[in-house]
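S.K.: Sharing a structure with you now.
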Amino acid sequence: MRHPRIFIDGNAGTTGLRIRSWLEGRADLELLAIPEESRKSEAVRRELLNRADLVVLCLPDDAARDAVTWIENPETRVLDASTAHRVADGWEYGLPELESGQRERIRTALRVSNPGCWPTGAILSLRPLIDAGLVSPTAPLGVRGVSGYSGGGRAMIERWEDPARGLQGLPHDAPYALDRVHKHMPELARHARLAGPPQFVPSVGAFRCGMRVEIALHAAMLERGADAKRMHEALVQRYAGERFVRVAPLVETLDGNEHGFDPRACNDTNRIEIAVYAHPAGHVWLMARLDNLGKGAAGAAIQNLNLMLGLPEAYGLRD
């Protein structure tokens with residue numbers, strides 16, 4: 001019996017490189033490789049796309065859409081790590097922890113769209129609270145946080161690692177994408193069940209990997225009877241038994257918690273940590289930490305790949 005054939009289209013990019021590095025050495029898979037000299041050959045790519053049992057697309061959005069149209073083999077399944085299909089009809093959203101039954105939908109889907117890093121942190125923090133009636137879908141939400149510069153791909157990596165710019169020693173994070181509607185917002189709104197996209201203020205920090213996603217909930221926007229304790233209970237209940245989602249104990253004091261905000265805490269794992277912070281005035285602050293290239297990208301892709309191939313979901317992943 002042969003092993004499933006996997007083709008990563010775009011394995012020279014940041015996410016593709018991480019996926020390949022985490023899959024290499026697995027004896028249960030056959031990784032199809034495109035020769036370097038043929039990396040831009042449409043004919044070679046078409047052949048591999050149709051020979052693979054499962055294709056992982058790590059391409060810009062337009063290129064990912066094109067690649068899907070090149071697949072003529074009805075048995076070839078697709079896992080798209082781009083933004084192209086995250087709210088598209090006919091595609092399953094690849095966040096196994098989203099809701100009951102999501103794993104089975106991913107397991108049997110022909111087309112799966114891998115989640116974005118920012119939406120992963122925000123959706124897993126908000127969705128249980130909205131489902132429980134603790135936060136209204138129409139609440140005027142704001143999402144902010146800081147990510148490692150690898151989250152912006154090759155261009156941002158080169159910018160932040162350019163010695164001439166001096167960004168490696170920057171003593172603060174730097175907001176970006178404030179002049180446009182971020183491409184992750186449709187995905188975040190749909191899968192968190194929000195009535196519309198929240199205000200989004202992303203920042204990049206002087207570190208390569210890691211992410212902290214923050215959501216401030218003013219007491220005035222909470223549903224009647226909602227408070228930090230009930231929100232924490234809803235998250236604990238939703239993620240009970242989930243291997244890759246950890247809910248920290250309810251935080252009511254910050255004393256001695258200086259190291260609890262490190263966005264790099266989950267680096268090199270497929271783990272996400274969610275914390276609920278209570279305020280005496282009734283406000284609530286949510287914080288999620290994950291590796292933007294782990295649970296936010298490559299780790300999630302491997303989790304979905306395992307499900308789609310009928311393998312143990314956590315195989316090859318660190319939590």
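S.K.: Conditions first: (1) surrounded by 16 or more Cβ atoms within 10 Å (Cβ to Cβ); (2) touching a strand residue (DSSP E or B) at 6+ places or on another chain (Cβ under 9 Å); (3) free of Cβ contacts under 8 Å to residues at least 40 places away in the same chain; (4) over 18 Å from Ile130 (Cβ atoms). Asn306 passes all but one, so which condition is the exception?
M.R.: Unmet for Asn306, out of (1) surrounded by 16 or more Cβ atoms within 10 Å (Cβ to Cβ); (2) touching a strand residue (DSSP E or B) at 6+ places or on another chain (Cβ under 9 Å); (3) free of Cβ contacts under 8 Å to residues at least 40 places away in the same chain; (4) over 18 Å from Ile130 (Cβ atoms): (2).
S.K.: Might you let me know whether segment 211-219 holds any residue that is within 30 Å of Ile157 (Cβ to Cβ), more than 17 Å from the chain's Cα centre (by Cα) and at pLDDT 95 or above?
M.R.: yes
S.K.: From (1) more than 17 Å from the chain's Cα centre (by Cα); (2) assigned to a helix (DSSP H, G or I), pick out the condition that doesn't hold for Pro163.
M.R.: Checking Pro163 against (1) more than 17 Å from the chain's Cα centre (by Cα); (2) assigned to a helix (DSSP H, G or I), the one that fails is (2).
S.K.: Any residue that is of a type in the set (Gly, Ala, Ser) and not in a loop (DSSP other than H, G, I, E, B) - is there at least one of those in segment 280-294? Break it down into steps so the answer makes sense when it comes.
M.R.: As a first pass, look at segment 280-294 and keep what is of a type in the set (Gly, Ala, Ser): 281-282, 288, 294.
Pick out the ones that are also not in a loop (DSSP other than H, G, I, E, B) and you get 288, 294.
The answer is yes, given that some residue of segment 280-294 is of a type in the set (Gly, Ala, Ser) and not in a loop (DSSP other than H, G, I, E, B).
S.K.: Take the conditions at positive phi and at pLDDT below 95 and apply them to Gly260. Does it pass?
M.R.: Details: at positive phi: no; at pLDDT below 95: yes.
Judged against the criteria, Gly260 is not a match.
S.K.: Same structure, new question: Among the candidates Leu188, Leu235, Leu178, Leu250, which residue alone is over 22 Å from Asn267 (Cβ atoms), at pLDDT below 95 and not small (Gly, Ala, Ser)?
M.R.: Going through Leu188, Leu235, Leu178, Leu250 in turn, just one is over 22 Å from Asn267 (Cβ atoms), at pLDDT below 95 and not small (Gly, Ala, Ser): Leu178.
S.K.: Can you name every residue in segment 206-226 that is closer than 20 Å to Ala132 by Cβ and buried (at least 18 other Cβ atoms within 10 Å of the Cβ)?
M.R.: If the condition is that a residue be closer than 20 Å to Ala132 by Cβ and buried (at least 18 other Cβ atoms within 10 Å of the Cβ), then Val213, Ile215, Leu217, Leu222, Ala226 are the ones that fit.
A quick yes/no check of all residues on (1) under 24 Å from the mean Cα position of the chain (by Cα); (2) modelled with pLDDT of 95 or more; (3) not assigned by TED's automatic domain parsing to the domain that holds Ala109:
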residue: Gly10; (1), (2), (3): yes, no, no
residue: Thr14; (1), (2), (3): yes, no, no
residue: Leu29; (1), (2), (3): yes, yes, no
residue: Glu42; (1), (2), (3): no, no, no
residue: Asp61; (1), (2), (3): yes, yes, no
residue: Ala64; (1), (2), (3): yes, yes, no
residue: Thr69; (1), (2), (3): no, yes, no
residue: Val87; (1), (2), (3): yes, yes, no
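S.K.: Now a separate question. Without any contact (Cβ under 8 Å) to a residue 60 or more places away in the chain, within 21 Å of Ser125 (Cβ to Cβ) and in a loop (DSSP other than H, G, I, E, B): is that true of Asn267 in this structure?
M.R.: yes
S.K.: Being in contact with a Pro (Cβ under 6 Å, 6 or more places away or on another chain) and of a type outside the set (Ser, Thr, Tyr) is the requirement here; does Ala265 meet it?
M.R.: no
S.K.: Looking at segment 186-205 only, could you name the residues that are crowded, with 18+ Cβ neighbours inside 10 Å and over 13 Å from the mean Cα position of the chain (by Cα)?
M.R.: Ala189, Ala192, Leu194, Pro197, Pro198, Phe200, Pro202, Val204, Gly205
S.K.: Oh, and also: Looking only at segment 141-153, decide whether some residue is in a loop (DSSP other than H, G, I, E, B) and crowded, with 24+ Cβ neighbours inside 10 Å.
M.R.: There is at least one residue in segment 141-153 that is in a loop (DSSP other than H, G, I, E, B) and crowded, with 24+ Cβ neighbours inside 10 Å.
Residues checked against (1) of a type in the set (Asp, Glu); (2) farther than 30 Å from Val247 by Cβ; (3) touching a residue at least 24 places away in the same chain (Cβ under 8 Å):
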{"site": "Gly10", "(1), (2), (3)": "no, yes, yes"}
{"site": "Leu17", "(1), (2), (3)": "no, yes, no"}
{"site": "Ser38", "(1), (2), (3)": "no, yes, no"}
{"site": "Leu59", "(1), (2), (3)": "no, yes, yes"}
{"site": "Ile71", "(1), (2), (3)": "no, yes, no"}
{"site": "His85", "(1), (2), (3)": "no, no, yes"}
{"site": "Gly94", "(1), (2), (3)": "no, no, yes"}
{"site": "Leu98", "(1), (2), (3)": "no, no, yes"}
{"site": "Ala109", "(1), (2), (3)": "no, no, yes"}
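S.K.: If you take the residues in segment 194-214 that are assigned to a loop (DSSP other than H, G, I, E, B) and small (Gly, Ala, Ser), which one is farthest from Val143 (Cα to Cα)?
M.R.: Ranking the candidates gives Ala206 first.
S.K.: Among the numbered criteria (1) in the same structural domain as Gln237 (by TED's automatic domain parsing); (2) farther than 23 Å from Pro263 by Cβ, which single criterion is violated by Leu110?
M.R.: Only one criterion in (1) in the same structural domain as Gln237 (by TED's automatic domain parsing); (2) farther than 23 Å from Pro263 by Cβ is unmet by Leu110, namely (1).
Yes/no per residue for (1) surrounded by 14 or more Cβ atoms within 10 Å (Cβ to Cβ); (2) over 23 Å from the mean Cα position of the chain (by Cα); (3) not assigned by TED's automatic domain parsing to the domain that holds Thr15:
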| residue | (1), (2), (3) |
| --- | --- |
| Ala240 | no, no, yes |
| Asp255 | no, yes, yes |
| Glu258 | no, yes, yes |
| Ala265 | yes, no, yes |
| Asp268 | yes, no, yes |
| Val276 | yes, no, yes |
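The values are calculated or read from the model by the stated rules, or taken from the named source; none is laboratory data. Nothing here was measured: the structure is a model prediction, and the numbers come from that model. Cβ coordinates were reconstructed from backbone atoms using ideal geometry, including for glycine residues, and neighbour counts include every protein chain displayed.
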